[in-house]
1. Calculate one ³J(HN,Hα) per residue across region B:100-106 by plugging θ = phi - 60° into the Karplus curve 6.51 cos²θ - 1.76 cosθ + 1.60, and present them in order as whole Hz with x for glycine and proline.
2. Could you give me the ³J(HN,Hα) list for region B:20-33, computed from phi with Karplus coefficients 6.51, -1.76, 1.60 and θ = phi - 60°, whole Hz, x at Gly and Pro?
3. Which chain A residue comes nearest the axis with its C-beta when you rotate A onto B, and by how many angstrom?
4. If you count, for every residue in A:25-31, the Cβ atoms of partner chains within 10 Å of its Cβ, what is the mean?
5. Rounded to the nearest 0.05, what FRET efficiency do B:R45 and B:E25 have when you use their Cβ-Cβ distance and R0 = 25 Å?
6. Hey, got the average number of other protein chain Cβ atoms within 10 angstrom for residues in A:88-100?
7. What number, rounded to the nearest 500 deg cm²/dmol, is the helix-based mean residue ellipticity at 222 nm of chain B, given -39500 (n - 2.57) per DSSP H run of at least four residues and division by all its residues?
8. Put a dot 7 Å past each Cα toward the Cβ at A:V82 and B:Q70; how far apart are the dots in nm?
2 protein chains.
Amino acid sequence: MASYETSKLLGQVLSTECPSREILEHLTNKWSVLILRCLNEGVHRFSELKQRIEGISEKMLAQTLKILEQDGFILRTVYPVVPPKVEYQLTITGSQAAEKVMQLINWIERGLPEILEAKPKIE
Amino acid sequence: MASYETSKLLGQVLSTECPSREILEHLTNKWSVLILRCLNEGVHRFSELKQRIEGISEKMLAQTLKILEQDGFILRTVYPVVPPKVEYQLTITGSQAAEKVMQLINWIERGLPEILEAKPKIE
DNA sequence: CGGAATCCAAGATGATACTG
DNA sequence: CAGTATCATCTTGGATTCCG
């Protein structure tokens, strides 16, 4: 009954064909989650993000921001001043995504002792 | 006031030193999220996971399962039969983590049309 | 300041073949 | 069946340099 197109959408993230798979990978990307965490607190400049997210390089920051911008999760605002000033903030959908990501992050940060405790000792 | 050790824990995921950073990366890993999604539905065998998660290789499946097992999120049960039978299931903390991940996945799958709609056309 | 471009090392990933 | 081992590849990531 389901057409090929329909089945691709129903396949969801477990299907390589479904667009949701790519969205999920972008959002759960190593640096994306940390960027979403920062922007969830408010507007940030490029240099601010670089400072707050320990260990990120300019290249990966710029690259990841671009992907999230293309996905419509981040709004990039350029101010025509010298020196340049660029601000990043979450869009509506970006806020919704960040909210879900934050729940995972908060669970980890708050439950860290229990999580580390539950780790099997013998590896 | 805060000692070095304390500040590391307070630094949370934004700090490279905090253990939560690694936990977060393991959980938001490309294949981890899909594995968690499957196991959230119940116990699965190795071959079942391989079939359900389209595009995953045996190597990455085995490797990712091992990481999640070492983190205490997955329980691996080996049955001493021929041919071999191995089952994977979530632990308590694994279920909690999967729950958070599922909220993100469900949001993406359900809101996919709106998400794709919100994507900027000019790139 | 906020990148873009380039180069290169390192690690992640995939396909295949093999084993208990 | 459930992996492991090996090799080839492909992406990631970092350092550097340059520019508006």
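No value in this document is a laboratory result; all are computed from the given coordinates. Just so we're clear, the structure is a prediction, and the values are computed from it rather than from any experiment. Cβ sites come from the backbone with ideal geometry, for glycine too, and all protein chains shown count toward neighbours.
1. Going residue by residue, I get 5, 4, 4, 5, 5, 4, 4 Hz, with x marking Gly and Pro.
2. Residue by residue, region B:20-33 yields 5, 4, 5, 4, 4, 5, 5, 6, 9, 4, 2, 8, 4, 4 Hz.
3. Looking at chain A's Cβ atoms against the axis toward B, the nearest is A:T28, 2.
4. 5
5. So, using R0 = 25 Å, E works out to roughly 0.40.
6. The mean count of partner-chain Cβ atoms within 10 Å per residue comes to 3.
7. Helix-only estimate at 222 nm: -18000 deg cm²/dmol.
8. About 5.3 nm separates the two model spin labels.
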